[in-house]
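Below is one structure, written out as structure tokens; the observations come after it.
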Amino acid sequence: MEAHVDTTTNAGQMLASASGGRRRLGDRVFSNLATAAGVTILALLAGVAGFLVIEGLPAVEASASELPEGKSLVDYIAPLAFGTVLAATIAVIVAVPLAVAVALFISHIAPRRLVLTLGYLVDLLAAVPSIVYGLWGIFVLGPAAVGPMGWLEEHLGFIPFFEGPASVTGRTMLVAGLVLAVMVLPIVSAVAREVFSQTPRKLQEGALALGATRWEMLRMTVLPFGKSSIISGAMLGLGRALGETMAVTIILSVSGIVTFNVISQANPSTIAANIALDFPESSGLAVNTLIASGLVLFAITLVTNLAARAIISRQNIE
């Protein structure tokens, strides 16, 4: 009997040892694959940055007379960077509140039978090609915005953003920002909606049990719980808006100036739109100048994402 017990025990130990060995091998393989994926991402990022620096360096070293339009590199890129940030800022200011409201409605207010349909329809906005948004902006939203922009000039013209004269075609920075806002909205809404739906039910029921209204419950439990997701979604949307090309290219009537007037016919362009317009016909140093502007866009996007990560980390610590 004792020998039988010893044999059984030894066999169990051998099976456990073999199973543990397989698990350790699987862990090592998974860890190595994950590490390789992370290193690959960093290598690609470094490669893109290196390419932009190397190809943009000739434009940095060139004199103003050699560059397009006879401007220095700073004078050439600064209006483009300004227009990029302005258009993206308008998009985020408009899109984030709407996206949060949509996410709250779908996750906590809409009838259950409509939740999947509404979520699908909102997500479908992200699948629409940007050129379609551009055509919609120039043929539908632009003409429809002419009247409201005239009203803004008449009643709020003392504010630099609306001092006019208002465009009669609707091809303005304001319209471009609104189109970008529609493009950004599904991204922000999807991120916020997923986190809002994971708010612990005990927190929600506790707030309601203490006498809170539905809005007070959302404000005191759901929104604080999803604060980091709102920031993450906003930064993802901002990154999309910063790099958008075709929609802005189609809508804006570019003049290459720096102005906060968002309803005028004279608009600054964006870096991405300028590259799309000029790259096919450029050669030599003009190509290096466009790549240098792309390096600035890369830096703006990188700084934006780093700032977002810092904000999210601070929120998580608090």
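Looking at Ser167, Ser197, just one residue is surrounded by 22 or more Cβ atoms within 10 Å (Cβ to Cβ), hydroxyl-bearing (Ser, Thr, Tyr) and farther than 19 Å from Arg309 by Cβ, and that residue is Ser167. If the condition is being aliphatic (A, V, I, L, M), over 23 Å from Glu244 (Cβ atoms) and without any contact (Cβ under 8 Å) to a residue 60 or more places away in the chain, then the range 106-145 contributes Ala110, Leu114, Val115, Leu116, Leu118. The residue that is nearest to Glu61 (Cα to Cα), counting only those in the range 268-301 that are β-branched (Val, Ile, Thr) and over 18 Å from the mean Cα position of the chain (by Cα), is Thr289. When only residues in the range 177-209 that are assigned to a helix (DSSP H, G or I) and among the polar types (S, T, N, Q) count, which is modelled with the lowest pLDDT? Here the answer is Gln204. Taking the conditions exactly as written (touching a residue at least 40 places away in the same chain (Cβ under 8 Å), surrounded by fewer than 24 Cβ atoms within 10 Å (Cβ to Cβ) and within 24 Å of the chain's Cα centre (by Cα)), does Thr245 satisfy them or not? Yes: the conditions hold for Thr245.
Among the criteria (1) part of a helix (DSSP H, G or I); (2) within 29 Å of Ser63 (Cβ to Cβ), the one Ala310 does not fulfil is (2).
The listed residues are Leu223, Leu174, Leu121, Leu114, and the only one of them that is under 18 Å from Val262 (Cα atoms) and assigned by TED's automatic domain parsing to the domain that holds Ser255 turns out to be Leu174. Checking each residue in the range 132-155 for being hydrophobic (A, V, I, L, M, F, W, C) and either more than 18 Å from Thr259 (Cα to Cα) or at pLDDT below 90 (or both) picks out Val132, Leu135, Trp136, Ile138, Phe139, Val140, Leu141, Ala144, Ala145, Val146, Trp151.
Inclusion of Val102 among residues that are assigned by TED's automatic domain parsing to the domain that holds Gln198, of a type in the set (A, V, I, L, M) and within 18 Å of Ala176 (Cβ to Cβ) is not warranted.
The values are calculated or read from the model by the stated rules, or taken from the named source; none is laboratory data. As the structure is a prediction and not an experimental result, all values here were calculated from the model. Positions of Cβ are backbone-derived with ideal geometry, glycine not excepted, and every protein chain shown enters the neighbour counts.
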